[in-house]
Amino acid sequence: VAQHRTIWARMRQPDAHNRIPIALNSLLIRSDDGWTALIDTGMGDKWSPRMREIFGIQPGKGLIGSLAKYGVTPHDVTHVLFTHLHLDHAGGNTMKSESGELVPVFPGARHVVQRGEWVEALSEHPALRESYVEDDLLPVHDAGLVDFIEGDTEILPGVRGIVTGGHTTHHQIFLVGEGENQLAFMADLFPTTSHLKPHYHMAYDLFPMTIADKREEFAMRAIDENWLCVFEHDTEVTSGRMHRDENGKVRVRPVNLQDSVFVEFNIEDLLRS
């Protein structure tokens, strides 16, 4: 642990519990065709004081408050797309009603997820149990709001899920747009710009060797195709374009998401949940 702490301290200073600060960034996409999609929902607000302390959850305006900034209510969201279902990516799916019942936050939205990810999330396997929360998932399924996909899929016009594995068996990233106007929501393949090196992985990565190989593969694609990459957990550089420096190392050139133009889509700034 001490060795790992020393390495990470060069980039992001850990606290006394060996935790580094991370953001919970979601992406709002609004189409002229009338649909509004949200990628991932953060941790939600159902956490006890004890769990807030353990995870170091800081108070904020929350996902609903962030959506309101753009004039969007939960009822306006037509699709919620999941990179995977870990508690920090699907926790905002549900909330407690005034009567204390768990209900979907986005009652009119189709919740789209890889079928294999859903199965593993509810498997209660000892290695997975701490990463998933049934209360985030079952109320949405019971309301008939879940749509399953299998493998790489175009979910909406110009919005594709690409399975990478590595972090979880069925983890996926999302590509939005076409040609030179592509945005890549990197999720936990590249959670922050400190994870550009293939072997710099998180404790929650189930398959470190797979994620190292996939980082090499997708970094090359991101550079060759000039993707605007969004980093879901980075507190400072939330979006940018990858390139190789004079030594061949992958770097990120920060780009303000709001300065980018995407045909057919109105892609909003990152939402802090």
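The values are calculated or read from the model by the stated rules, or taken from the named source; none is laboratory data. Computed from a prediction, not measured in an experiment: that's the story for all the values here. So basically every Cβ, Gly included, is an ideal-geometry build from the backbone, and we count neighbours across all protein chains shown. Ligands, DNA and RNA are excluded from the accessible area calculation, which covers all protein heavy atoms including side chains. Shrake-Rupley method; radii C 1.70, N 1.55, O 1.52, S 1.80 Å.
Does the range 34-86 hold any residues that are hydroxyl-bearing (Ser, Thr, Tyr), closer than 20 Å to Pro104 by Cα and in contact with a Leu (Cβ under 8 Å, 6 or more places away or on another chain), and which are they? Hits for the range 34-86 are Thr36, Thr41, Ser66, Thr73.
All told, Val159 meets the bar of being among the aliphatic types (A, V, I, L, M) and either farther than 30 Å from Gly248 by Cα or out of contact with any strand residue (DSSP E or B) (no Cβ under 8 Å at 6 or more places or on another chain) (or both). Residue check: is Ala143 hydrophobic (A, V, I, L, M, F, W, C), in contact with a strand residue (DSSP E or B) (Cβ under 7 Å, 6 or more places away or on another chain), more than 13 Å from Phe82 (Cα to Cα) and surrounded by fewer than 16 Cβ atoms within 10 Å (Cβ to Cβ)? Spelling it out, Ala143 is indeed hydrophobic (A, V, I, L, M, F, W, C), in contact with a strand residue (DSSP E or B) (Cβ under 7 Å, 6 or more places away or on another chain), more than 13 Å from Phe82 (Cα to Cα) and surrounded by fewer than 16 Cβ atoms within 10 Å (Cβ to Cβ).
Checked across the range 188-210, the condition of being among the small types (Gly, Ala, Ser) and touching a residue at least 40 places away in the same chain (Cβ under 8 Å) holds for at least one residue.
Taking the conditions exactly as written (aromatic (Phe, Trp, Tyr) and open to solvent by 40 Å² or more (accessible area, probe 1.4 Å)), does Phe106 satisfy them or not? Criteria not met by Phe106.
Scanning the range 166-182 for residues that are part of a strand (DSSP E or B) and either within 9 Å of the chain's Cα centre (by Cα) or under 18 Å from Lys214 (Cα atoms) (or both) turns up Gln172, Ile173, Phe174, Leu175.
Note on the range 138-165: residues that are within 22 Å of Leu189 (Cβ to Cβ) and either modelled with pLDDT of 95 or more or among the charged types (D, E, K, R) (or both) total 16. Restricting attention to the range 76-115 and to residues that are among the polar types (S, T, N, Q) and at pLDDT below 95, the residue that is farthest from Met43 (Cα to Cα) turns out to be Ser99.
Of all the residues in the range 40-96, those that are in contact with a strand residue (DSSP E or B) (Cβ under 7 Å, 6 or more places away or on another chain), small (Gly, Ala, Ser) and open to solvent by 40 Å² or more (accessible area, probe 1.4 Å) number 1.
For Thr235, the criteria (1) open to solvent by less than 30 Å² (accessible area, probe 1.4 Å); (2) at pLDDT below 95; (3) within 24 Å of Leu38 (Cβ to Cβ); (4) not charged (D, E, K, R) hold in every case but one, which is (1).
Among strands (runs of 3 or more DSSP E) entirely within the range 33-112, having at least 2 residues that are within 21 Å of Asp234 (Cβ to Cβ) singles out 36-39.
Scoring Lys214 on the criteria (1) part of a loop (DSSP other than H, G, I, E, B); (2) within 18 Å of the chain's Cα centre (by Cα); (3) of a type in the set (D, E, K, R); (4) closer than 19 Å to Val252 by Cα leaves a single failure, condition (1).
The residues in the range 164-190 that are under 15 Å from Ile39 (Cβ atoms) and open to solvent by 10 Å² or more (accessible area, probe 1.4 Å) can be counted, and the count is 1.
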